[in-house]
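J.: Sharing a structure below in structure tokens format, with a few things to ask.
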């Protein structure tokens, strides 16, 4: 099945003033076939646009050069401009193909060509991940809480994204279903998933991100809260989730938090099926999740001010996911420097960042 690698793509942040994505047609697509999510994902488009700038509010993915390069500070401007999400210029992920093909790695053997090797998850690490990830769908039942990979302003903007608005309603329907209504609830969920997949090539970048996030929530929910004793998630569903992640990454809209959450879930799924988790390097050079203050900024003035402070703390280059993996060999001075950079990040990390650090420390030490 898929290799697991604790890394996410993040990009540099470009502050562009005016934003409000067009609202796509919310009519349902034609349902396709079989399986829990019975989603027939259309092949990714090879003609996706490849914008040149990085995305505002962590919407872009970056290469190692982007992660390490100097990021210019946004200039001050009107403090009354709210944070919005349209007219966002995005960078496609260079290693996006590896997201789509990740499930093949264990099938092809370990250590072939690229040095991939299985990563063994301790049973307590699996239990920890299970407890954390199953809480994310449940948070959508509370209007004051949000999964940490969905920014609060995505759910409070007007008009709302159809994908996330429907997701909030379907989570409540799934969690509070009456006995005997399971068939209706499942059919409703499958129809919505069919729509998300059918529309992925025809919607705005912002709504594509929201569709990927909604599909991830549905997958977490079906895995963590199944209907009776029936397993609702299988390898086909995992590959389809990866296909949508690949398509989002090619368009540059996959947020690092969303992609990382998917990686963590696939780790959990593989462990439950006794499928080896394989490490790979396609996401090693992406930037770790940003500080709590930057993530929670609610208006443009607060965001710009915090972003300037954030850049000031990282004049030596942003910390990357690969630095969270303890190197097997290395001199003491470089190891100490790496630990110092990690400690600097932990000082301002939010709960999601601390969860990521805990998992990487369980797997690789620190």
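Since every read-out is calculated from the coordinates, none of them should be taken as a lab result. Bear in mind the structure is a predicted one, so any value in this text is a computation, not a measurement. Note: ideal-geometry Cβ built from the backbone for every residue, glycine included; neighbour counts use all protein chains shown.
J.: I'd like the projected area of segment 224-335, averaged over all directions, using the convex hull of its alpha carbons. Report it in nm² with one decimal. Write down the numbers at each step before the final one.
T.: On the way: hull surface 43.1 nm².
The directionally averaged projection comes out at 10.8 nm².
J.: How large is the Kirkwood hydrodynamic radius of segment 113-216, counting all unique pairs of alpha carbons, in Å?
T.: Numbers: mean 1/r = 0.0632 Å⁻¹.
Computed over Cα pairs of segment 113-216, the Kirkwood hydrodynamic radius comes out at 15.8 Å.
J.: Show me the ranking of peptides 162-168, 350-356 by mean Cβ neighbours inside 10 Å, starting with the highest.
T.: On the way: 162-168: 21.3, 350-356: 17.4.
Most protected by this proxy first, the peptides run 162-168, 350-356.
J.: For segment 304-366, what class follows from the C-alpha gyration tensor (a ≥ b ≥ c being the square roots of its eigenvalues): rounded when a/c is under 1.5, otherwise prolate if a/b is larger than b/c, else oblate? All intermediate terms of the calculation are to be shown ahead of the outcome.
T.: Numbers: a/c = 2.88, a/b = 1.41, b/c = 2.04.
Oblate, because a/c is 1.5 or more while a/b does not exceed b/c.
J.: Here is a follow-up. Please report, in whole Å³, the volume per residue of the convex hull around the C-alpha atoms of segment 156-249. Before the final figure, lay out each step's value.
T.: Values: hull volume 9.4 nm³, N = 94.
It comes to 100 Å³ per residue, whole-number rounded.
J.: I want to make sure I understand the PRE zone here: with the label point 7 angstrom from the Cα of residue 158 toward its beta carbon, which residues in segment 278-321 have backbone N atoms less than 19 Å away?
T.: Only 298-300 fall inside the zone, counting backbone N under 19 Å.
J.: Moving to a separate point now. Ranked from highest to lowest mean number of other Cβ atoms within 10 Å per residue, what is the order of the peptides 169-178, 298-307, 202-211, 235-244? Write out the running numbers ahead of the final one.
T.: Numbers: 169-178: 15.0, 298-307: 18.0, 202-211: 23.0, 235-244: 20.2.
By packing density, highest mean first, the sequence is 202-211, 235-244, 298-307, 169-178.
J.: Please give the length that would be gained between residue 347 and residue 135 if that part of the chain were fully extended, namely 0.36 nm times their separation in residues minus their C-alpha to C-alpha distance (nm, one decimal).
T.: 73.9 nm
J.: Could you check the simple spin-label distance between residue 127 and residue 309, using points 7 Å along Cα→Cβ, in nm with one decimal?
T.: Taking the simple label geometry, residue 127 and residue 309 are separated by 3.8 nm.
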